[in-house]
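S.K.: Shown below is the structure under consideration.
FYI, it's all coordinate maths here, none of it is from the lab. In this text the structure is predicted, and so the values were computed from the model without any measurement. Every residue, glycine among them, receives a Cβ derived from its backbone with ideal geometry; neighbour counts consider all protein chains shown.
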């Protein structure tokens, strides 16, 4: 989604600065962007760990120097990874790494670039939350605590900024983006950032743990008799299969930019996001019932029909 935002912004004549924590991804974004960049449009990028305020501050200084400016008009906080599913069972370091990227990445960039936004004639912060900011569960009832906690924080922070800006910086606006299933590379990038093993390197004991967890959460039938090697291949395939979503990153970026242009403070992406939003609003006290996902699917079928 970040890469597509870069492409669409430069196509519309915006000078753009982008960052990434994965060097190969950053290079690909810059290569694509520079090939597509219209004459006179500037694009720069840098490696940056959004969870570290010092690196974000260094990135801001690079932006100032590269563009010879003291202001920006648009700030997109889009970085995110998965991991840290269970507060009970997940490794604390992994849990905090996911939370710090997904939440403190938004906070750090908003804090560090705030003065450059204030210096502009008009400015807009666009923060990417998630449908996991509506309901703190992945898919059906799978625990997703680090990511969900961060995405709820992003949603609440953005809504708070709307009111803060109204009184204290009326030339600034804020929008929260709530994507459903979008065909991004998050399933491929998360293992790189968290240092997870490749599926082919998992031991039989580790495969058994994953298998038991998937049976527990209803992702896998207890009678399924995949061999461990088949299971490894399925895990590898699932990382790329995630990209086969009903909404592409390009479509998501277009929806985001349309929302910003139309001053929408709340931007939902995908019919699944609309269905979950409606279902939670209608029956908030039942949002964590085990059969709630069935109601969401029913709602989604109504929207699709």
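S.K.: Compute the helix-to-body angle for 249-261: its Cα long axis versus the longest principal axis of the chain, expressed 0 to 90° and rounded to tens.
M.R.: Compared with the principal axis, the helix lies near 40 degrees.
S.K.: Here is a further query. Stokes-Einstein diffusion coefficient for region 190-244 at 25 °C in a medium of 0.890 mPa s, Rh from the Kirkwood formula over Cα pairs: what value in µm²/s?
M.R.: Value of D from the Cα-based Kirkwood radius: 205 µm²/s.
S.K.: OK, next. Could you tell me the convex hull volume per residue, in Å³, taken over the Cα atoms of the chain?
M.R.: Per-residue hull volume (Cα only) is 148 Å³.
S.K.: For region 214-239 and region 81-151, compute the distance between their C-alpha centroids and round to whole Å.
M.R.: Result: 28 Å between the Cα centres.
S.K.: Give me the extension gain from residue 34 to residue 88: residue separation times 0.36 nm, minus the current Cα-Cα distance, reported in nm with one decimal.
M.R.: This chain segment gains 14.9 nm when fully extended.
S.K.: What spacing in nm lies between the two simple spin-label points modelled at residue 228 and residue 12, each 7 Å away from Cα in the Cβ direction?
M.R.: 5.2
S.K.: Tilt of helix 145-168 relative to the longest C-alpha principal axis of the chain, in degrees (0 to 90, nearest 10)?
M.R.: With rounding to tens, the tilt is 30 degrees.
S.K.: Residues of region 90-108 with the amide nitrogen closer than 12 Å to a label point 7 Å from the Cα of residue 164, along Cα-to-Cβ, please.
M.R.: 107-108
S.K.: Using a 10 Å cut-off on Cβ atoms, rank the peptides 249-259, 33-43 from the highest mean neighbour count down.
M.R.: Packing proxy ranking, top to bottom: 249-259, 33-43.
S.K.: For helix 23-36, report the angle its Cα long axis makes with the longest principal axis of the Cα atoms of the chain; keep it between 0 and 90° and round to the nearest 10°.
M.R.: Once rounded, the angle reads 50 degrees.
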